[in-house]
Amino acid sequence: MDETIISGYFTIPRLIKKMKQHAITAEHKFWQRSFMASPMAIDEIGNRAGSRPFDMLVDDLVVFQQFIEEYITLLAYEHKRFIDYINKLDTDALDVLKRKYVFNQDVYVDETLETTLYAKCVQITADAKAKFYNIGSVQEDINVNYSEQIETIIERMI
């Protein structure tokens, strides 16, 4: 059993916040790349340092932001399903799970409870992948500008 999957569900709100920050960073990069250099600009050693065509930069930004929005929707879906499930647990079980996975305390968690929670997390992940199956295809539309960030995000999904 992979406990990182369970702990990952407890950290979804932080991940959503990071994704929103990625969108802001992408927009900032867009403005930097689009207006900071002229097409005729050269760097300090004489190499051409002009910006890419504006329409390509806009397309990259729009597709990237669309991907981020869809990914945040996927995360919110997973989080809602997870919260719905753990709210059905009794208070003691929930307290033990929070102490282990949120506060990283060394506590004993009943194996049956942990296995059941793990199975539910795997089921939620499978349901989310089925519901948001097209999110991976957006990656193909994204240019090199944002591909590294997208690859990192997709790796987290797999």
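What follows draws every value from the coordinates through simple rules; no lab data is involved. The model shown is predicted, which means the values in this text are computed figures rather than measured ones. Here Cβ is always computed from backbone atoms with ideal geometry, including for glycine, and neighbour counts include all displayed protein chains.
Before moving on, here are some points about what is shown:
- Length added when fully stretched, Asn104-Asp127, from 0.36 nm per residue minus Cα-Cα: 5.5 nm
- Alpha-carbon centroids, segment 8-31 and segment 81-101: separation in whole Å: 26
- Each label point was placed 7 Å from the Cα along the Cα-to-Cβ direction; for Glu111 and Ile45 their separation is 6.2 nm.
- Local net charge near Ala93, Cβ-Cβ under 12 Å (Lys/Arg +1, Asp/Glu -1): -1
- Net charge over other residues, Cβ less than 15 angstrom from the Cβ of Ala126 (K, R count +1; D, E count -1): +1
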